[in-house]
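Worksheet for the structure shown next.
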Amino acid sequence: ALFSWVIWMVLAISVSWFCYDYEMPLAEGDSKGDPKETFEKGHFSCCNEETSWGICICSFCCPALRWADTADLAGFMPLWSAFGLVSMVGLLNCLSHGALAWGMYQTILLLYPHVVLAWGLWGFFSTCLMLYYRQHLRRKFGLAFGSWGTCTTDFCYIFWCPWCAVAQEALVVKQAYEVKLRRGRPHYRVCRGQ
């Protein structure tokens, strides 16, 4: 599990060096989407016409990097701090799953989750991390947060489709940036091709 986590880290850092650059904010002052509405009702629409394909692809291929970038743009923590945090939590997922799946190759059912978690993508600990910051994002947008209903809904959404959750959060922050809900950011980092 540790070896696969190291490979995952190297790949994610390589993607950040070769696929991300800094661009000036988009000139369109009006965004097509409302960030609050996208946050509340945009579940499982990570590849619709309003979503940039770059966000969708980065969320699927390198969700930790995409999530860390969103955390940075939302003002929660710098990109590399967020990436380090999600990487450490990914390692915790790998190690805890490796300890639980002592016979990881005995059945197909044990093999599939091990491969996903060994890649450091998502598990219980990363779901909790994303839930914590997703609740902060709700608060930042003036939406209901911290209640049993929002926590349960967000937990289930993140746990069952973390890629969609990562894409949705990235789109929400991008829309907020476009409509100038968030100030003081001189640039917007994007995946090439967005």
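Please treat every number below as a calculation from the coordinates, not as lab data. Just so you know, these numbers come straight off a predicted model, no measurement behind them. For neighbour counting, all protein chains shown are included, and Cβ atoms are generated from backbone atoms with ideal geometry for every residue, glycine included.
Computed values, structure above
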item	result
Local net charge near residue 145, Cβ-Cβ under 13 Å (Lys/Arg +1, Asp/Glu -1)	+3
Computed label-point distance, nm, for sites residue 153 and residue 88 using a 7 Å Cα→Cβ extension	3.2 nm
Residue 6/residue 34 FRET efficiency (R0 41 Å; Cβ-Cβ; nearest 0.05)	0.50
